[in-house]
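Everything below concerns the one structure shown next.
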Amino acid sequence: MFLYTLDNKRYHTLNYEYQTIFHKKVFKVSLNANFSCPNFQNGSGCIFCLHGSNDYDITKNQDLIRQFYEVKDIVERKWPDSYYIGYFQANTNTYAPVAVLKEKFESILALDNVVGLSIATRSDAITKECLDYLEDLNKRTYLTVELGLQSSKDETLSLIKRGHDVENFKNCVLELKKRNIRVVAHIINGLPYETKEDMITTAKFLNDLKVDGVKIHMLSILKGTELARLYQEKPFPILTKEEYIDIVIEQLEHLDEKIVIHRITGDPKVEDLIAPTWLIKKFGVLNDIDKEMVRRNVYQGDKVNNHVL
């Protein structure tokens, strides 16, 4: 059995990480603090983004504490003795003065049984003053900063209108790591015109940076996005489920076994999705990844170092 799992996976699961640190069930509670996004304000945003993360519009003007307790009340019916991590997920959650960040972050951190914060943001939206505040937060709680990279290929970042380059991302990770802050990187497989080698290179890049966690997504072409227009005007190849599984497994092999895999596929809303339709069956994809890793007899980190069994 692979060391870094409690449920027979062959990669380092988030459940293992939380259970090892906190010794009980931990839930991330997604929150919308009504932040904006510099990339969306300065242009149309990333071409795959649906109206500036409007998936969260339902909670846009809702009180943060109310959002938190609506989730907590549901969870407690099944797991009454749990811990929680406030997950500031919608848009860019450091894109505001530090005084505003403190007001929002500290309000959640002060709640009972909240053991940490996870802050989703961009590498070009963290100021020096913000870094200092995050360093202080990290000394007081279990802090994770999530950064979107998507690809380690600058040509791809330009095509998808990411708004920053790979060097900017790298420098931000290094600054966070100097302060011992956990960093989780988001990547997207299947971006237009990328090869399998490009996607494997992105995994190797993150491994070399020694990030603490990775979220792997499959590109979703959503209605109403610039990506959808591009796809309709000049269709580009979309990964099949089998191709995606093959790439993910090889990426896992190139990621050190100590890197936590926070996500390994996505689950877009059916009503928004143009392609690929196989993404709708999320658990089928997860199961197929597990089965293929068993068939190949491979584990996370196999191409980096000897994994621990």
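Since every read-out is calculated from the coordinates, none of them should be taken as a lab result. All values reported here derive from a predicted model rather than from experimental measurement. Positions of Cβ are backbone-derived with ideal geometry, glycine not excepted, and every protein chain shown enters the neighbour counts.
Rounded to the nearest 20, the size of the Cβ-charge dipole of the chain about its Cα centre is 400 debye, with Lys and Arg at +1 and Asp and Glu at -1. Could I get the Rg over Rh figure for region 173-309? Both from C-alpha atoms, Rh via Kirkwood, rounded to two places. For region 173-309, the value is 0.99. Between V145, V115, V75, the GNM of the chain built on Cα springs shorter than 10 angstrom shows V75 fluctuating the most. Which one of G86, G284, G163 has the biggest mean-square fluctuation once the chain is modelled by GNM with Cα springs under 10 Å? So, out of G86, G284, G163, the one fluctuating most is G284. Relative to the globular-protein estimate of 2.2 N^0.38 Å, the Cα radius of gyration of the chain stands at 0.97. Cross-link pairs exceeding 22 Å between alpha carbons, from the set K210/K291; K28/K102; K139/K178; K204/K258: K210/K291. Note on the chain: with a GNM built from Cα contacts shorter than 10 Å, the maximum mean-square fluctuation among V71, V214, V166 falls on V71. Pop a pseudo-label 7 angstrom from the Cα along the beta-carbon direction at both S107 and R229 and give the gap in nm to one decimal. My value for the distance between the label points is 3.6 nm.
If both residues of a DSSP beta bridge must be in the chain, then about 5% of such bridges are antiparallel. Distance from the Cα centroid of region 160-216 to that of region 1-45 is 16 Å (rounded to whole angstrom).
Separation of region 219-280 from region 72-121 is 27 Å, based on Cα centroids. Summing charges over neighbours of P38, with a neighbour being any other residue whose Cβ is under 13 Å away from its Cβ, gives +2 when K and R count +1 and D and E count -1.
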